Each structure stands twice: as C-alpha cells, then as structure tokens.
Amino acid sequence: MKQLIVLALCFGVVSASYAQNTKEKVYNSSGKTNYKHKKQTGFDPDRLILGGGMNLGFGGGYVNVGASPIVGYRISRQFSVGIGMGYQYYKEPTDIPNNTNTGTLNRYMNIYYPNLWARYFVCKNIFLNANYEYDFIRLKQPGYDNYGVIAERTSNVNNQCLLLGAGVYQPIVGRLGMSMELFYDVMQGQYSPYGGPPRIRLSIAAGF
C-alpha cells in the first residue's frame, strides 16, 4: 500500500512538471514546438545607433566641408531618434568689390553645432529625415572701416537650421550601412551654411 502511495506521489510530481513545461511551449502549424520568449522591456543595446555623416561641396568659389558624429536609438523598426555634434568649415565669395586687385574677397566660417535628428523609413530602404541644429559660428569677413578702407573683421554669431530631406539606406555588412540624403534648410538663416538649393549628404552608421 505504501508503495502505491509513493508511486502516485511521484506520478503527480512528474505530471505537474510536464504541465508546467507544456505551458511554456507554443505549437506551430507543423506540430513542432517552439519555446515562447519573453518580450524584452527597457533599454536594448541592439537598438543603439552609432555613426556619423560628412558633407563636401565645392564650386563657384564656395567650399563647405564638415563632419558630424551621431548617437541614437531605434524606437521601432521604422522610427529612430538621436543627437549629434558637428563641425563645418565654410567659405563663400562676398559682394564687397576688391579694389586692391589681390583676388576675390571671401567670407569664412568655422561652425560648431549640436543637433537633434529623427529618421523614419517609409519602406525598406527609403527614409525621411529631419534635423535641427544650432550653429555657433566664428565669422571672419571683409568690411569697410570708418575711413572707407576694406578691413577683415572677426565676430561670433549664431544661426539655426531645420534640415528636411529624404534618402536611401544601403546595408554594407552586418548592422553597418551607408545613407545618401538630399536635404534642404527650410529656415534659410542669414548665416546658414546650407543656403540656396538642396544639398547632398553621405553618412555611415550601425544600428538602423
């Protein structure tokens, strides 16, 4: 009798254990079992985005060279947000006539800027992008002094930009990919380095 009681208790323990394991399994259409994974919450390092962009433009006396590292987080499969920091060197001809015949007079800007960005993929490789940046500019430009003589002056000015654009993302290897974007500064500030027609920017990042 004692042996039957012990056997029944063992059977009950095994049955309970089997039932618990069965709850953690999900059967697919083929009859095979897959273990159900718990949904991950909180910060996911696999969603982290690291990279940077660069711009390079020449022509008609203009020079625009810069780089901007970024860090971001992928909120969903389509939507990502982040921050960045950038630097640009900008040169453009001025409208001040040069009476000394020593060449074209130019305006120079060394630009440092933090920025906020957001990117949304409308399909697999096509995205829309928005980028707000606040520029701290070291400006050097020619001007007339009190005696009507051309003199170079240096000053610190600020500028805001809102860059809206669209682009194409091309995976390279693993989570690393390259983007090519066409964008336009809708604010067109007095000291904007993106004044005039739309510009092209290339960037490389891991995590999109």
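The values are calculated or read from the model by the stated rules, or taken from the named source; none is laboratory data. Just so it is clear, the structure is predicted and the values come from calculations on it, not from any experiment. Reconstructed Cβ throughout: ideal geometry from the backbone, glycine too, with neighbour counts over all protein chains shown.
Would you say Arg138 is assigned by TED's automatic domain parsing to the domain that holds Asp95, exposed (fewer than 14 other Cβ atoms within 10 Å of the Cβ) and not aliphatic (A, V, I, L, M)?
yes
Just to verify a result, which residue in region 157-181, among those that are among the polar types (S, T, N, Q) and crowded, with 18+ Cβ neighbours inside 10 Å, is farthest from Pro69 (Cα to Cα)?
Filtering region 157-181 for residues that are among the polar types (S, T, N, Q) and crowded, with 18+ Cβ neighbours inside 10 Å, the one farthest from Pro69 (Cα to Cα) comes out as Asn159.
Out of (1) at pLDDT 95 or above; (2) more than 25 Å from Gly61 (Cβ to Cβ); (3) surrounded by 13 or more Cβ atoms within 10 Å (Cβ to Cβ), the odd one out for Val122 is which?
So the condition that Val122 fails would be (3).
Touching a Phe, Trp or Tyr at 6+ places or on another chain (Cβ under 9 Å), of a type in the set (A, V, I, L, M, F, W, C), assigned to a strand (DSSP E or B) and assigned by TED's automatic domain parsing to the domain that holds Pro114: does that describe Leu162?
So Leu162 passes the test.
Within region 182-200, take every residue that is of a type outside the set (Val, Ile, Thr) and in contact with a Leu (Cβ under 8 Å, 6 or more places away or on another chain) and give me the one that is surrounded by the most Cβ atoms within 10 Å (Cβ to Cβ).
Step by step, filter region 182-200, then rank; the result is Tyr194.
Of everything in region 184-208, what is in a strand (DSSP E or B), over 13 Å from the mean Cα position of the chain (by Cα) and modelled with pLDDT of 90 or more? Give them in sequence order.
Tyr184, Asp185
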